[in-house]
Amino acid sequence: MIKRQILIILIIYIFCIVGIVGLILLGLQLLSEVVNSKEESFYYIQQTETKISSTYTENYEDLYLLAQIIHAEAKGEPYEGKLAVGNVIHNRVKSKQFPNSIRDVIFQKGQFQPVMNGSIYNDPSEESIRAAMESYHTNIIGPALYFYNPTLSTDTWITTRKTIKRIGSHVFAY
């Protein structure tokens, strides 16, 4: 009888230990998921297409490429400057003077230094992604087709363009 009671207590004890270990493992797994989700970027670019107008579509590749050029051209600039760089790209897409897609505008020969030096391929910041997303719907620089940093630019032609606005170290012009 005593052996039977000891056996029952031992079985209950083993079930308790297994249950506690299981709860600990489950807790560790949940904690790991929470920590990993905090490491992921706050801004997630959904891989879909959104019709902006009858002729203009926002898609994942364009949005990410736009965020990359914004990051490369306006890293260290205020958010407004990042948004304005996105606006210039959109203005060029809509202009008859430039190619009619975001990709073609960005990769047009000789237009953007980050394309020439490869820095366009760096991962964009969350702020650059947010500016790229907002640039589809908000224009803060009107018809500007160009931007430059007057302290770094060696091109004298760009300085002949009509200035619209200065944001941070960039001048926006058309």
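The values are calculated or read from the model by the stated rules, or taken from the named source; none is laboratory data. Keep in mind it's a predicted model, so treat the numbers as computed, not measured. Positions of Cβ are backbone-derived with ideal geometry, glycine not excepted, and every protein chain shown enters the neighbour counts.
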(request) Could you pull out the residue among Phe107, Phe112, Phe147 that is without any contact (Cβ under 8 Å) to a residue 24 or more places away in the chain, aromatic (Phe, Trp, Tyr) and assigned by TED's automatic domain parsing to the domain that holds Ala84? (result) Phe107
(request) Filter region 109-125 for residues that are farther than 14 Å from Val88 by Cα and surrounded by 12 or more Cβ atoms within 10 Å (Cβ to Cβ) and give the result. (result) Gln113, Pro114, Val115, Ser119, Ile120, Asn122, Pro124, Ser125
